[in-house]
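The values are calculated or read from the model by the stated rules, or taken from the named source; none is laboratory data. Predicted model, so just to flag it, every value in this text is computed and none were measured. We place every Cβ from the backbone using ideal geometry, glycine too, and count neighbours over all the protein chains shown.
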Amino acid sequence: MSQIKQLLQLHEQGKSIKFIARSLGISKNTVKAYLAKVASSPLDVQALLALDDPIMEARFHAGNPAYKDDRFEYLKSKLDYYSKELGRPGVTRQLLWEEYRSDYPQGYGHSQFCYHLSQQLVARKPSMVLQHSAAEKLFIDFAGKKLSYIDADTGEVVPCQVFVACLPYSDYSFAMAVRSQNIGDFLYALGCCLQELGGVPQVLVPDNLKAAIVKASRYEPDVNRALEDFANHYHTTVIPARARKPKDKALVENQVKLVYSRVFAKLRNQQFFDLASLNKAVKEKIREHNQTRMQQKPYCREEKFLADEKYLLQPLPDQPFEIKYYRDLKVAKNNHIYLAQDKHYYSVPYIYIGQSAKVIYTRTMVRIYAKGEQIAVHARDYRPGGYTTDKEHLCSAHQHYLDRSPDYYLNKAKLKSDELYQLLGLMFTQNRHPEQLYRTCDGLLNLQRKTDQKDFQKACLMAIQYQNYSYRFILNILTNKMTNQAETKPEKPLPGHDNLRGSEYYA
């Protein structure tokens with residue numbers, strides 16, 4: 001274009017065609033052709049000289065007029081139809097081209113037909129460059145391929161899923177092998193990732209895997225309840241990538257490819273005999289990956305992360321996250337709820353018998369709620385068929401029943417009278433199981449409340465004298481008013497008489 005501008009300037013100066021051709025080293029016919037185009041142009045020479053080179057080139061070299069061909073006009077009218085048909089099962093470009101040539105025999109050949117159709121598909125789906133802020137997002141995904149280790153006891157090869165995450169601003173990466181993609185392993189790996197980063201980003205962007213998303217949707221995906229609890233615990237939010245839109249998280253998709261080449265490939269000839277040793281090797285390779293200088297950039301991922309991003313992450317919580325499980329259960333007549341997960345019973349206050357309660361339990365704790373309030377908290381117990389009971393949850397009668405013991409009854413008797421305390425003390429020295437005597441103790445305490453104190457004390461002394469400590473014996477004494485009788489009179493000696501026979505008589 002600079003040569004054409006030289007041509008136009010020489011022409012403006014009144015130079016001849018022969019002089020212009022000799023000066024610029026081009027033929028006279030070429031000069032004539034350019035001057036003819038200038039003459040047919042609506043712009044004068046000065047306006048043409050003021051144009052930028054690409055614009056001037058379009059005016060002097062319009063290019064191949066292929067897109068003005070009748071064949072292209074016909075194909076252009078059918079491109080939307082062909083694009084839609086390609087999405088149907090079994091429809092190929094070869095089939096569409098055959099139908100195209102059948103309808104338009106003088107049309108393009110197969111290669112040109114496919115070229116124009118590809119151009120149409122590319123133009124309809126342009127790619128966008130996303131800009132990311134520091135410490136804003138964490139992209140999360142699982143690699144499609146698996147690593148494995150060998151069980152040292154059985155020799156079995158155990159396949160493992162590989163969790164991959166990256167911060168899009170610095171492209172800083174994390175990878176870890178876990179046994180599966182279930183919610184427990186997924187959240188464990190995600191927690192380890194945040195610990196490794198030393199902070200929490202503002203947004204977690206998972207793929208539409210089942211561990212993270214209950215129901216995939218392009219507009220409003222249902223986030224797994226456990227992942228929501230995880231995000232609330234770490235004071236962050238979850239914004240899943242759109243379904244079937246891998247470009248939303250292109251960086252983590254690229255990280256998966258890099259993990260294949262920089263982790264999988266480098267560990268392919270090594271053997272591991274437990275998950276811990278496998279993850280130790282994966283961690284070392286990921287560290288090398290983050291410390292590798294990036295192409296076309298004067299820094300590595302780790303340098304970018306430490307310099308611009310790590311200090312902007314939110315702080316980690318003090319306590320580690322535990323998965324919460326939710327159940328709606330009914331309080332049984334024994335004021336316990338039954339957690340079928342462990343086949344174990346947990347008590348609640350007896351006033352909630354028959355009501356519905358919401359139970360939220362973790363690996364270590366069980367919390368029970370009713371009417372919007374927390375009514376019970378228990379340490380989780382994994383004993384099948386067992387009971388975890390708080391005495392404060394029982395009614396007074398049941399509390400009394402559980403409180404029974406020899407010391408309990410002796411302490412109560414000591415407050416009533418010394419005679420009753422002495423009687424119960426002798427009672428528990430018998431060779432009988434204490435629980436066999438608890439009802440006797442209840443009966444004696446009841447008698448003590450209902451009878452005259454002096455009469456009851458005398459009855460206790462009589463029972464001690466005769467070594468009969470039963471409830472019925474003392475009741476008979478009181479019923480028959482035996483405590484009112486005079487004390488037993490001493491026996492009088494027999495009167496003297498002569499009717500005596502000694503040993504001689506019996507010899």
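Annotation note: of Leu7, Leu79, the sole residue that is part of a helix (DSSP H, G or I), assigned by TED's automatic domain parsing to the domain that holds Glu99 and in contact with a helix residue (DSSP H, G or I) (Cβ under 8 Å, 6 or more places away or on another chain) is Leu79.
Is it the case that segment 221-237 has a residue that's among the hydrophobic types (A, V, I, L, M, F, W, C), modelled with pLDDT of 85 or more and out of contact with any helix residue (DSSP H, G or I) (no Cβ under 6 Å at 6 or more places or on another chain)? Checking segment 221-237: at least one residue is among the hydrophobic types (A, V, I, L, M, F, W, C), modelled with pLDDT of 85 or more and out of contact with any helix residue (DSSP H, G or I) (no Cβ under 6 Å at 6 or more places or on another chain).
Is there a residue in segment 114-127 that is in contact (Cβ under 8 Å) with a residue 60 or more places away in the chain, in a loop (DSSP other than H, G, I, E, B) and not assigned by TED's automatic domain parsing to the domain that holds Arg268? Yes, that holds for at least one residue. Only one of the numbered conditions (1) closer than 23 Å to Lys146 by Cα; (2) modelled with pLDDT under 90 is not met by Gln270, and that is (2). All conditions but one from (1) in contact with a helix residue (DSSP H, G or I) (Cβ under 9 Å, 6 or more places away or on another chain); (2) modelled with pLDDT under 85 apply to Lys68; the one that does not is (1).
Let's see how each residue does on (1) buried (at least 16 other Cβ atoms within 10 Å of the Cβ); (2) β-branched (Val, Ile, Thr); (3) in contact (Cβ under 8 Å) with a residue 60 or more places away in the chain:
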{"residue": "Phe305", "(1), (2), (3)": "yes, no, yes"}
{"residue": "Val331", "(1), (2), (3)": "yes, yes, no"}
{"residue": "Gln341", "(1), (2), (3)": "no, no, no"}
{"residue": "Val348", "(1), (2), (3)": "yes, yes, no"}
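Listed by first and then second residue, the pairs with beta-carbon distance under 8 Å, at least 6 apart or on different chains, first residue in segment 466-486 and outside any helix (DSSP H, G or I), second at pLDDT below 80 and charged (D, E, K, R), form an empty list. Got at least one residue in segment 363-382 being without any contact (Cβ under 8 Å) to a residue 12 or more places away in the chain and surrounded by 12 or more Cβ atoms within 10 Å (Cβ to Cβ)? Within segment 363-382 (the criterion being without any contact (Cβ under 8 Å) to a residue 12 or more places away in the chain and surrounded by 12 or more Cβ atoms within 10 Å (Cβ to Cβ)), the answer is yes, since at least one residue qualifies. A Cβ distance below 8 Å, combined with a sequence gap of six or more or placement on separate chains, defines the contacts here; from segment 159-184, residues that are within 12 Å of Gly144 (Cα to Cα) reach residues that are of a type in the set (S, T, N, Q) and part of a loop (DSSP other than H, G, I, E, B) in the pairs Gln161/Ser180; Gln161/Gln181.
Of the residues making up segment 255-287, those that are part of a helix (DSSP H, G or I) and either touching a helix residue (DSSP H, G or I) at 6+ places or on another chain (Cβ under 6 Å) or under 17 Å from Glu302 (Cα atoms) (or both) are Gln255, Leu258, Val259, Arg262, Val263, Val282, Lys283, Glu284, Lys285, Ile286, Arg287.
Among the residues making up segment 6-48, a single one is exposed (fewer than 15 other Cβ atoms within 10 Å of the Cβ) and in contact (Cβ under 8 Å) with a residue 40 or more places away in the chain: Gln9.
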